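Peer 1: This is the structure I have questions about; it appears just below.
Bear in mind these aren't lab numbers, they're just calculated from the coordinates by the rules spelled out. A quick note: this is a predicted structure, and the numbers were derived from the prediction, not measured. All Cβ positions, even for glycine, are placed from backbone atoms using ideal geometry, and neighbour counts span all protein chains on display.
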Amino acid sequence: GDKATGYHYRCITCEGCKGFFRRTIQKNLHPTYSCKYDGCCVIDKITRNQCQLCRFKKCISVGMAMDLVLDDSKRVAKRKLIEENRERRRKEEMIKSLQHRPNPSAEEWELIHVVTEAHRSTNAQGSHWKQKRKFLPEDIGQSPMASMPDGDKVDLEAFSEFTKIITPAITRVVDFAKKLPMFSELPCEDQIILLKGCCMEIMSLRAAVRYDPESETLTLSGEMAVKREQLKNGGLGVVSDAIFDLGKSLSAFNLDDTEVALLQAVLLMSSGSGSTGCARGCWGGEWGGHRSAQSPQHLQGALGEHPYAQSPQ
């Protein structure tokens, strides 16, 4: 007599009887049930908790199937299968949507080319970084930690090595940004806000895409290969874990220069879009014509339309 909630174990039942039937079968309780009145109890919404045996018999009599109750291992396996099927469908839908993307327009190809060349001309050592990198000696980053004024503890020798490359790395990020027309035409104060908002992220991305699984190192600024602990003890702390984890994830995709360049441009042009007045106007389309096609969303579209970005990976 209770309100049914769905089709459970081959019958339309309420939640209460569904749970009772499942527990009874999973724990093999029905052989222990007994009835004080020779199995003649009337089972309804009010009396169902007074006699387990008669309640179970009524479940069976209306057609609830014992063989449909899963034990713990089968239930876990079923949930896993459901999750796997859901993930498979998600990937299939993603691949299908990518396969049906329109070809980039001439304007989009030009944008892709400009951003890619900006990256290549400011990316230290280019594609030859593996041949030109130098491994930071293993003993650096293993010394006793010294306390900094802000309370952080760092290895001073490793910290000194990293400070030598940080300024050139920042300069290259600034040079990359200035080569993008949608950035260079912004007022100086807006350029500064955007760079402050993304400089660390772009440098981290540039390091992450130079993760080497064999040596388990990141190559910083195209020249210095470092281990996770060296980077952590040299002043980056837990941030180093995030960069290394990102590098391990990205290494499976084998990103090319264009994909890395477009990712950097998205980081740059999105970093302060909610903070600068002129930038908000630009992203709203107030530049007009070709300039409105250089918004963060358009850069993301260009990344998706890049041929290599359409692989199943």
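Peer 1: Using packing as a proxy for protection, rank 156-163, 5-12 so that the peptide with the highest average count of other Cβ atoms within 10 Å comes first.
Peer 2: 156-163, 5-12
Peer 1: So if we plug the beta-carbon distance of K96 and T171 into 1/(1 + (r/R0)^6) with R0 = 51 Å, what FRET efficiency do we get, rounded to 0.05?
Peer 2: E(calc), rounded to 0.05, equals 0.75.
Peer 1: May I ask you to derive the FRET efficiency for A252 and S127 from their Cβ-Cβ distance with R0 = 22 Å, giving the value to the nearest 0.05?
Peer 2: The value I calculate is 0.70.
Peer 1: Let me ask something else. Within the stretch 41-81, what residues put their amide N at less than 11 Å from the label point 7 Å along the Cα-to-Cβ vector of R10?
Peer 2: The answer is 60-69, whose backbone nitrogens lie closer than 11 Å to the label point.
Peer 1: Fewest first, what order do C188, C14 take by the number of other Cβ atoms within 10 Å?
Peer 2: Ascending Cβ contact count within 10 Å gives the list C188, C14.
Peer 1: If you plug each phi of the stretch 22-28 into the Karplus form 6.51 cos²θ - 1.76 cosθ + 1.60 with θ = phi - 60°, what whole-Hz ³J(HN,Hα) values come out, in order, with x for Gly and Pro?
Peer 2: Couplings: 5, 5, 4, 6, 4, 9, 6 Hz.
Peer 1: Could I have the simple spin-label model distance between D72 and S160, label points 7 Å from Cα toward Cβ, reported in nm to one decimal?
Peer 2: The answer from the label model is 5.8 nm.
Peer 1: When D256, D71 are ordered from fewest to most other Cβ atoms inside 10 Å of their Cβ, what list results?
Peer 2: D71, D256
Peer 1: What distance in nm lies between label points placed 7 Å from Cα along the C-beta direction at R120 and N49?
Peer 2: 7.5
Peer 1: Starting from the Cα of K58, draw a straight line to each of the lysines and keep only those under 23 Å, dropping any in the same chain fewer than 8 residues away.
Peer 2: K3, K18, K27, K36, K45
Peer 1: What residues have an amide H closer than 5 Å to that of M224, excluding those fewer than 5 places away on the same chain, when H is modeled at 1.01 Å from N in the peptide plane?
Peer 2: Amide H to amide H, under 5 Å and 5 or more residues apart or across chains, M224 pairs with K134.
Peer 1: When a footprinting reagent is the concern and you count Cβ atoms within 10 Å, what order do H119, H30, H113 take, fewest first?
Peer 2: H113, H30, H119
Peer 1: Taking θ as phi - 60°, what are the ³J(HN,Hα) couplings along the stretch 74-83 by the Karplus curve (6.51, -1.76, 1.60), each to the nearest whole Hz, with x for Gly and Pro?
Peer 2: So the J values, rounded to whole Hz, are 5, 5, 5, 5, 5, 4, 5, 5, 4, 5.
Peer 1: Pull out the extension gain between N103 and E201, defined as 0.36 nm times the separation in residues minus the alpha carbon to alpha carbon distance; nm, one decimal.
Peer 2: That works out to 32.3 nm of additional length.
Peer 1: Starting from the Cα-Cα distance between A65 and R89, subtract it from 0.36 nm times their residue separation and give me the gain in nm to one decimal.
Peer 2: 5.6 nm
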